[in-house]
Structure formats: structure tokens, C-alpha cells
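Below is one structure; the comments refer to it alone.
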Number of protein chains: 2
Amino acid sequence: MYLELRHFRTLRAIQQAGGLARAADILNTTQSALSHQVAGLEDQVGMELFVRRSKPMRLSAAGIRMLRVAERILPEIAGLEEEFRALLSGKTGRLHIAIQCHACFDWLFPVLEMFRHAWPEVDVDIRAGLAFDSFPALLREEVDLVISSNPELLPGVTFNPLFDYHPTFVASSKNPLAAKAVIEAEDFRDQVLITYPVARDKLDIFTELLTEARVEPRAQRAVELTAVILMLVGSDRGVAVLPDWVIRDVKSNADYVTRPLGPGVITKRLFAATRDEDAARPFMAHFLRLGRSEPVKLQRE
Amino acid sequence: MYLELRHFRTLRAIQQAGGLARAADILNTTQSALSHQVAGLEDQVGMELFVRRSKPMRLSAAGIRMLRVAERILPEIAGLEEEFRALLSGKTGRLHIAIQCHACFDWLFPVLEMFRHAWPEVDVDIRAGLAFDSFPALLREEVDLVISSNPELLPGVTFNPLFDYHPTFVASSKNPLAAKAVIEAEDFRDQVLITYPVARDKLDIFTELLTEARVEPRAQRAVELTAVILMLVGSDRGVAVLPDWVIRDVKSNADYVTRPLGPGVITKRLFAATRDEDAARPFMAHFLRLGRSEPVKLQRE
DNA sequence: GCACGATTGTGAATCCAATTCATATATTTC
DNA sequence: GAAATATATGAATTGGATTCACAATCGTGC
């Protein structure tokens, strides 16, 4: 039995129009076409869907059952078409974000909150699980945007710069290093270093300082949550290096000291990687604008 | 945008099979056909429904939205097809009954109760509204069975005899006529006659007795409900003639007397009119069997 | 009851769109 | 890098849906 939407549309039209001939007008076809079509359909299902004893033909009991299905299905289709049109016009879409940098939650969340209000139709999500191969995931359209500080040369991917940050040293005010104005690589040799649980080539402190200086901290401890890292640092169980926007909460706290890394000033840049074809979409452009301006504002507060 | 079920089926198959080639097997077609079809579909909606960057192609964000609709719609269609199959095999169907005779509720209800249990899938209903043109309604398939005691010669309609009944006189035991053993036409001349509110040619007392005898009762009062008629008769506000099966409730009641009409015994036969093509359907045959036997049993109780 | 208008059915011809076949291209895997 | 797997493409073909012209039927008004 090969029912098709055409059949449902015809059925509904005949019902609405109250007859074949008028239905043909609605559907922009001929009365004959519908007659053939209905005959074929009735052949398919093996029974009469219409009663022809009275002249404008009417639905039979079986036809009414089919009509009920038509009236559940066709609006569903119409809705989908509407959705597609909205998708094309750019009012709606999907913004699933992968974050490579653990600490990015901190500024991303407020930014997404703002975004959500401006684009309520866009399906928003943050995916933390795929820190590793987030770029392949981007290309596969499993996600639509990747927050990263390590731009790569990838065909089909645009790296949109967001803002700069400084990986910043944070320690307990009781820690001996609190006495120094600038923290250098050698200072880590007798410290316990607390980091996020990711590979070293994704950790600023290593890529920007320790690896090159060939310095190994006394110990390294991996901790998932930023709040827990700060807690451990506060009780002098170790030191950490975090983006400065994360530090702002403890800057004014007497238990902590924050110090720049040195000798030179270390600046890193955060990027939002998008697929080329998406970069121009209105909501995407808006998100990128928010992602450039809002975190900077947040930090000034 | 001309979406068709074919597109939804293809989409679902590709998702299930995890690729074009395997989907082609499921749908009993070639990989090429699906490739062309998908290309055409994407042309229609104006965007890519699949991501081809990785090799077994996967749904894009837009494709997933369409898939969701597919998964709501396709089971709906499958359900309808199942319903059609059941309709064909005769397990299910519709039995909307029109009753010309007001009093038929009394035996029809218990019969329908029995029927409902045997054929739970059949859509049962009683329609009282169209006493007049119930035969045209039968031919238009607005109803599927008409209870009538006036068989007509109608092409396409079968009149299945159900059972015989006797229009029976009922009056208060205080009524003078209670003294007579048999009630004849002349006896009505000085009585108030209570009937259902229908035309005289549908009322047994007129068609079988008074019309021919040219007797006019002192007054006629039309009452809708059988219970009310009996109440009025009980308080001697009038007399009535009702089918004997209705009388059985008051037969043993000392307030009422019931008497045969005469001089000859008057017997009427009730028929169930069906469309020719329906008469053989299993559930219809079953209903007719019940309609022949059950009312007789009820009356013996 | 007849005639006219409206409505549906039918068959042949036509058209168009979907499929097939053969093959090219691209990706993954080992 | 070769083999295997997966998708795309283009031309040819097919078959189902539509059109056209007309027949058949029904409903209505006079």
C-alpha cells in the first residue's frame, strides 16, 4: 500500500471543497487528474473512500478515517516547511558550542544568556564532552562553533578572534611566591601545580612557559572545576595559572594573590571557530559580536 | 516546496541504515535513486539536509528537524494502513444505527452492549435525529443500519427481518377500557391518545387500526420519552399503544392494564435495513443475529 | 418529465519525474 | 598506496500521473 502525501492533500481538498471539480481548482490541477488519482488510491487500499451515490461525492466511513490522519499529518508538514523557511531566512537555526578551554564557561554562560533573549528561536547548547576532536565535530556539523585559543589552518573553518586574555598566576597569600611581583618559569619548580584535566599542549602554563623553559613543577594535580581549583589554591595546597577573567572573583580577596607571568607579558587570544558558510548567518554574526564585547565588559565590573 | 512521504521514508531509512547505500537496500531501490532523490529534496528545501564531509553521510541540523517530523508522521501512516487492513479483513468497521421507531432504544441498547464486547474495534453509534430520511442517509453512508418496520423496495438496500411484535394497548387500571378484553378502533373515540411525536403514518395505532377505521381519538398528545408516556398513562391522563416489548415493565404493575388490539391479532415485523454490500460483513451478520435473538429473550424474562 | 447545467468517469495520448545503469569521484581502512 | 566502501553524476529508460476530449450520470428548475 503506497500512500503518498498527494493522496492526503487530495482527500482534504475534496472534503473542503465539497467535490472533485472544486478540489481540482484548489490543487491547481484538473478534475480528471483527481478522478484518476482517487480511483488509483481506492485501488491501493482496496475499498471505496468515497460514496458516489449522491452527486457531489462524499467521504465514506473509511475515507473519514483517512481524513482524520490527513488532518493530523498535513499541518505537521506545513509546520516543517515553515521551519525551513525560517531557517533559510536566518531567523532560526542551531548554535551548539564546543569549548576546548574549561574555564570558558565563566564568560560563555552570561553571553549565551544574552543571546538567548535576542534569538529565542535558535536552539542553543554547550557541549563539553568533546574537547579533543572538536574541530572534526565542527566539520561534521555535530557542533556549530568551537571556542579555542589554538587556531589551526583548516579548510572550511573560519577562526573569528574574540578577545585577548593573560594567563595569570594565582596563589595563596601565604605562599612564598606572594612576595614576588612577577612569576617566572623557575618559580614553579618547587610548587604543586593545579590544572584542568587536559593534555599539556592545551594548558597555557605549559605551552607558554614551562615547556620551553623545560621546567617541571614539583607535582601536578588535575582538577575539573574552577571553583575547586580556587578552593585548593586558597588553602595553599597548590598554585594555579588561570585566564584573568576567572581570577576577577578572587582579586579583591585577601586570601589570594594574583601575579602576572613573566619575564615578558604573555597574551593569548581566544577564537570562535565556525564553518565558513555559517559565519555570515545573522544570529552567528550576532553571537560573535557578543563574544567580542561582553567578556571585556564583564571583566571591567 | 513539494515534500512527499517518499522523502520522509528515505530520510528515516538513511538515518536507520547509517548511509545511502544501506538505505537503498531497506527501501528496495538503488543507491543512485536515493542520491538523486536526496539531491532533489535538498534543492526543494533550499539547503543541505545531510553533511557529506565525513563519508557515511549524516543528517545536518536541518535534516534532524525533518527527521523528527518523519518519526511523528510515518507511524501515523502505518497506523492508518493497519486500520485499512483491519477494515478489509472485517475485524473493524463502523456501525452507526438510525432508528425510525422511538421505542427501539429499549431493546437496542442491551443488544448493542453485547455487540460492543464481541467487536470492540467496531465504531458503534445510535443516531436518533434523522428518523425522516434515514434511508437516504443509509445510501449516503451517513449511517450503516436503519431499524424500521416499514420495508420499502430500495435498490442497494436489504431488509433483514428481526422479530415480530404486537402493538399493545396500555391504560390505567382505572380507565373504563380496562374492563374490555380486546381494544378496538371505536374504543379510542373518547380517549386521549398519547404517542411519540412523529407523523401518523409512522405510528402503528394509526396505520394498523384508526386510519382504516376512520376513527379520530378525542385528543392526541405527543410525548418524546417512553417513560413519560407510561407515567401519563399510569395517572390516567391518556392511553397509549406501544410495542409489547416496552410494555413488559408495567405488565406486572397493578396500576396498568395491557390489552391486545383487535378484532384481529395485529402483528408487525421489525427490519434492519443495510446496504447490500455490508450485509455479508462478519460484524454486521453478528449484529443481525443478535438483533433477531436477543430481544425475544429479553421479552421472556 | 424533460432539459440543461453541473459533476464525475473513462480511455488514449502525453508528459514529466523518478529510477536505472554505467561510471566517475571521494573517503576510509588496512 | 591499494582495496574497499560510499556517494555523485549523466544519459537513457520507464512508468505513473496528468491532460484532453468526451461519455455518463445526477440534480434542479420550469
Sparse-neighbourhood loop sites, trypsin sites (Lys or Arg not before Pro) in the range B:203-252 - DSSP loop, at most 14 other Cβ within 10 angstrom:
B:Arg214, B:Arg218, B:Arg237
What's the magnitude of the charge dipole for chain B around its Cα centre, counting Lys and Arg as +1 and Asp and Glu as -1 at the beta-carbon? Answer in Debye, nearest 20.
1060
Across peptide B:141-151, how many C-beta atoms of other chains are within 10 Å of each residue C-beta, on average?
2
Looking at the protein assembly as shown, send over the antiparallel percent of its DSSP beta bridges, to the nearest 5.
60
Taking 10 °C and 1.306 mPa s as the conditions, I'd like the Stokes-Einstein D for the range B:216-296 in µm²/s, using the Kirkwood hydrodynamic radius from alpha carbon pairs.
100
What share of Cα pairs, in percent, lie more than 19 angstrom apart in the range B:125-237?
56
Value in Å of the Kirkwood radius, where the protein assembly as shown supplies the Cα pairs that are averaged:
32.2
Roughly what angle does helix B:105-118 make with the longest principal axis of chain B, taking Cα atoms, 0 to 90 degrees, to the nearest 10?
30
Unit charges at the beta carbon, dipole of chain B: most positive-side option, B:Ala137, B:Thr211, B:Ala118
B:Ala118
Over the whole of A:13-19, what's the average partner chain Cβ count within 10 Å per residue? Rounded to a whole number, please.
0
How many Å³ per residue does the convex hull of the Cα positions in chain B occupy?
182
In Hz, Karplus ³J(HN,Hα) per residue of the range A:286-297 (6.51, -1.76, 1.60; θ = phi - 60°; x = Gly, Pro):
5, 4, 5, 4, 4, x, 7, 8, 5, x, 4, 4
Between copies, how close do the B:Glu42 label points come, placed 7 Å along Cα→Cβ, listed in nm from shortest?
4.2
Please work out the Cα convex hull volume for the range A:1-136 and give it in Å³ per residue.
174
Give or take rounding to whole Å, what are the principal axis extents of the alpha carbon atoms in the range B:60-200, in descending order?
90, 36, 26
Given Cβ point charges of +1 (Lys, Arg) and -1 (Asp, Glu) and nothing else, what value in debye, to the nearest 20, does the dipole of the protein assembly as shown about its Cα centre take?
60
Quote the Stokes-Einstein diffusion coefficient, in whole µm² s⁻¹, for the range A:33-102, based on the Kirkwood radius over alpha carbon pairs, a temperature of 25 °C and a viscosity of 0.890 mPa s.
155
Pick from A:Glu141, A:Glu48, A:Glu81: which is most flexible by mean-square fluctuation in a GNM of chain A where alpha carbon atoms under 10 Å apart are linked?
A:Glu48
Cα-based helix-to-principal-axis angle, B:61-89 vs chain B, degrees rounded to 10:
40
Within the range B:181-255, DSSP-loop chymotrypsin sites (Phe, Trp or Tyr not before Pro) with at most 15 other C-beta atoms within 10 Å are none
Looking only at other chains, what is the average number of their beta-carbon atoms within 10 angstrom of each beta-carbon in B:68-81?
4
Taking the Cα centre of the range A:205-266 as the origin, how large is its charge dipole in debye, to the nearest 20, when only Lys and Arg (+1) and Asp and Glu (-1) carry charge on their Cβ atoms?
120
Could you please rank A:Leu27, A:Leu270, A:Leu20, placing first whichever residue has the fewest other Cβ atoms within 10 Å of its Cβ?
A:Leu27, A:Leu20, A:Leu270
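None of the figures in this text is laboratory data; all of them are computed from the coordinates on show. Predicted model, so just to flag it, every value in this text is computed and none were measured. Backbone-built Cβ (ideal geometry, glycine too); neighbour counts: all protein chains shown.
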